[in-house]
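The values are calculated or read from the model by the stated rules, or taken from the named source; none is laboratory data. Since the structure is predicted, the reported quantities are computational estimates derived from the model, not experimental observations. Cβ atoms come from the backbone with ideal geometry, glycine included; neighbour counts cover every protein chain shown. In case anyone asks, the SASA skips ligands and DNA or RNA and just uses the protein heavy atoms, side chains included. Shrake-Rupley method; radii C 1.70, N 1.55, O 1.52, S 1.80 Å.
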Amino acid sequence: MLYQGQISKEEQPVSSPSISNNDDNLDGGGVQVTCFSEAINDVPIHFQIICLSKQIYVWIGCNSAKIGNLYAAAPTRPNNTVSVTSILGGSSDNTGSSMARRLVLKSGLNIILASNIPKNSPMIEVAAEKILVQKLVTLGYIRPKSEGPSR
């Protein structure tokens, strides 16, 4: 969890193994922790991303360091679908479960997502997910969208 003294607008890597778009790095057993904050509609949103081997833990918080609702999502076979479950609070129709599902589809990794975003804040939820996906792209856990063929 983040404490008030640890929250800043700067990224705070705790350890930094080399990360690239190469799947071999995901099997290295390293741990990378990234913490940062962004203001969305003048509301401070805090992020903590813990990248493990073939799994990503994400905490998104607003106004406090409470864990909020906790979801686990994983790819399932054979149909390339995603299974999501609520571990703490929330329900399967919450925005956090939808966000966890989309992160699995984009990354192909197991996702544990803790979300402490205020209810009835769809603009904050959408913006927080967009920022999170952009950060995971820069960390190399999600491949950037390729541009379609030009006409």
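Miscellaneous remarks
- Candidate set from the stretch 101-123 (those that are hydrophobic (A, V, I, L, M, F, W, C) and more than 15 Å from W59 (Cβ to Cβ)); member that is modelled with the lowest pLDDT: M123
- Residues in the stretch 104-123 that are free of Cβ contacts under 8 Å to residues at least 40 places away in the same chain, under 13 Å from the mean Cα position of the chain (by Cα) and either within 13 Å of V43 (Cβ to Cβ) or open to solvent by 20 Å² or more (accessible area, probe 1.4 Å) (or both): L105, K106, G108.
- Of all the residues in the stretch 56-82, those that are open to solvent by less than 60 Å² (accessible area, probe 1.4 Å) and at pLDDT 90 or above number 13.
- Of all residues in the stretch 83-100, those satisfying the criterion of being at pLDDT 90 or above and surrounded by 19 or more Cβ atoms within 10 Å (Cβ to Cβ) are V84, M99, A100.
- Pairs where the first residue, in the stretch 59-73, is over 17 Å from S97 (Cα atoms) and the second is surrounded by 20 or more Cβ atoms within 10 Å (Cβ to Cβ) and hydrophobic (A, V, I, L, M, F, W, C), C-beta under 8 Å, 6+ apart: C62/I45; C62/I117
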